[in-house]
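Here's the structure, in structure tokens; my notes come after.
The values are calculated or read from the model by the stated rules, or taken from the named source; none is laboratory data. Since the structure is predicted, the reported quantities are computational estimates derived from the model, not experimental observations. Backbone-built Cβ (ideal geometry, glycine too); neighbour counts: all protein chains shown. The protein model used for the area step is the full one, side chains on, heavy atoms only, and it has no ligands, DNA or RNA in it. Shrake-Rupley method; radii C 1.70, N 1.55, O 1.52, S 1.80 Å.
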Amino acid sequence: MQTQTHYQRIGGDAVLKQLARRFYEIMDELPETYALRKIHPDDLSGSADKLYAFLSGWLGGPQLFIEKHGHPMLRRRHLPFRVGSDERDQWLLCA
Ligand code: HEM
């Protein structure tokens, strides 16, 4: 029996693209996530592309983020932003 990756189990490329797009749509719509929305670019399509590319590799699919942007280094990439419990909670509300 072959073991499926999480990427395969979740439904692959099309599902992840949709998930990332919907994540930022929710961030854009919810009054509760307004503070988080404000620190993101006006156009969220680039953010959705990056989240999709990251999740693809993280879930065992193609390493799209690494191909396009190099190692994720997520901690370092988030250093410019304050990430406290409010920001964490707002981020999770979109998930
Ligand atoms: C496990 C949770 C999280 C994951 C997997 C994640 C993932 C990512 C990824 C992949 C990027 C793109 C990095 C780049 O190339 O610049 C990014 C950017 C960003 N993240 Fe997160 N993130 C998380 C949590 C958070 C939280 C809690 C905040 C709250 C401050 C946050 C705020 C941002 C912002 C403001 C950007 C820049 C957006 C952009 O340039 O388009 N993230 N995140």
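Things to note:
- Every listed requirement among (1) more than 9 Å from the ligand (Cβ to nearest atom); (2) surrounded by 15 or more Cβ atoms within 10 Å (Cβ to Cβ); (3) part of a helix (DSSP H, G or I) is met by residue 60 save one, (3).
- Selection from segment 63-95 of residues that are open to solvent by 80 Å² or more (accessible area, probe 1.4 Å), assigned to a loop (DSSP other than H, G, I, E, B) and more than 20 Å from residue 39 (Cβ to Cβ): 63, 71
- Test: residue in segment 38-55 that is basic (Lys, Arg), more than 9 Å from the ligand (Cβ to nearest atom) and within 12 Å of the chain's Cα centre (by Cα): no
- Candidate set from segment 6-37 (those that are under 11 Å from residue 94 (Cβ atoms), of a type outside the set (Phe, Trp, Tyr) and touching a residue at least 40 places away in the same chain (Cβ under 8 Å)); member that is nearest to the ligand (Cβ to nearest atom): 36
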